[in-house]
Amino acid sequence: MKKLLTLALLFTLGGSMFAQNLPTDKNATKKTKALYANLKAISGKGVLFGHQDDLAYGIGWKAEKGRSDVKEVSGSYPALYGWEISRLGQEYSIDSVNFEKMIGWIKEAYRRGGVYTISWHMDNPATGGNSWDNTPAVSTIIPGGAKHEFYKQRLDAFADFLNDLKVGLFGTKIPIIFRPFHEHTGTWFWWGKGNCTADEYQALWRFTVTYLRDEKNIHQLLYSYSTDQFDSETQYLEFYPGDEYVDIIAFDDYHSVNNLAERDKLIYRLKTVVELAASKGKVAAFSETGAETIPVNDWFSNNLLGGIMADELGKRIAYVMVWRNGRTDHYYAPYPGHPSVPDFVKFRNDPYTIFEDDLPNIYKMPR
Ligand code: BMA
């Protein structure tokens, strides 16, 4: 409770300084603007903790009401929930999450004050293969490309999905941090480095934002630009589509965080996104990380929080998210009985980490 009150006060103080900073979508909904202002206000005061597919499944269970591995080991749900919409339009996502149920979970946790981010491992539109089929395809879906209409239909399906994410008498739309075409500094996705040019990537990004916002009337999105590892600002910005199209400056990294000898790289990346975000009036984030099967018992307090807290600038990211608890050989958050649980509880109790029950009303504009 004390942690909650302190955070509420800090949000209020921080918010008043930043309330003028709006998302790129001038017609963003009130709640989307409030979420953005609060994410800015939190910079330097705490970091939201997130987990992919948290409510959909965990180790030893699937789609059971109220369950969450994070909650079962720490007492609270995460503050941020990641969801993946690959195969949107079919019944189940690539990770076997039923889309109807996903909508239900998103509404449920929104009512508790949770925050959302959505990624999209989109199938390769040129070949019909999956997102790891890195046959060049971006040029085919940008305006003028042979598959452009097909891509618009994918965005139409996404817009329908977003329009279903509404609650209350007035159909309030749930704000979502949308993180398309992620990890593009890597070569493994069809939109990644080597598989399209920077110009093509930027054209794709700008078309996506413009189409959803101006044609589909979607005003509940914050757009997150999210690279994989990078070692210079030039590399980070190589595919950057422009300040008018990005709200959140982020990166994914499963490497430097798992090799303590590379901590300087992690600090550099955290600092870089924080500095870029500050100079552009945007939010910085560590959009994806984790250690598969958590082989190190103090990973959360040492590798992750230790890395975040190691530098006064680097710690100013707004959130960090670990990946999904998919299988007994592919999980990133502890589950009951896992040897890293005591350390995860320590991480959860650290005054700097924010779980769902530490959140103030993040959808209310700070004064
Ligand atoms: C990857 C793995 C896959 C999953 C994909 C999309 O990192 O977790 O099993 O299908 O993300 O969520």
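The values are calculated or read from the model by the stated rules, or taken from the named source; none is laboratory data. This structure is a prediction, so every number in the text was calculated from the model and none was measured. Quick reminder, even Gly has a Cβ in these numbers, built from the backbone with ideal geometry, and neighbours come from all protein chains shown. All accessible areas refer to the heavy atoms of the entire protein, side chains included, with ligands and DNA or RNA removed. Shrake-Rupley method; radii C 1.70, N 1.55, O 1.52, S 1.80 Å.
For the chain, the 222 nm mean residue ellipticity estimated from helices alone, with every DSSP H stretch of n ≥ 4 adding -39500 (n - 2.57) and the total spread over all residues, rounds to -9500 deg cm²/dmol. For the chain, modelled as a GNM whose springs connect Cα atoms under 10 angstrom apart, the maximal fluctuation among 47, 246, 341 occurs at 341. Computed FRET efficiency, Cβ-Cβ of residue 234 and residue 327, R0 35 Å: what is it to the nearest 0.05? FRET efficiency, residue 234 to residue 327: 0.40.
The chymotrypsin sites (Phe, Trp or Tyr not before Pro) of the stretch 158-262 that DSSP puts in a loop, and whose beta carbon has at most 10 other beta carbons within 10 Å, are 170. By a 1.4 Å probe calculation restricted to protein chains, residue 133 has an accessible surface near 40 Å², given to the nearest 10. When the stretch 215-344 is described by a simple charge dipole with +1 on each Lys and Arg Cβ and -1 on each Asp and Glu Cβ, the residue from 335, 273, 287 located farthest towards its positive end is 335. Of the trypsin sites (Lys or Arg not before Pro) in the stretch 98-159, the ones in a loop by DSSP (not H, G, I, E or B) with at most 15 other beta carbons within 10 Å are 112. Summed over the residues of the stretch 34-126 and divided among them, the accessible surface reaches 28 Å² per residue at a probe radius of 1.4 Å.
So if a site counts as exposed when it's one of the GluC sites (Glu not before Pro), its DSSP state isn't H, G, I, E or B, and it has at most 12 other Cβ atoms within 10 Å, what's the longest stretch of the chain without one? Walk me through the intermediate numbers first.
Numbers: sites that count: 64, 91, 312.
Longest run free of exposed loop sites: 92-311.
Surface composition of the chain: carbon and sulfur atoms hold 52% of the protein heavy-atom accessible area at a 1.4 Å probe. Length gained on full extension, residue 67 to residue 279, computed as 0.36 nm times the residue gap minus the Cα-Cα distance: 72.3 nm.
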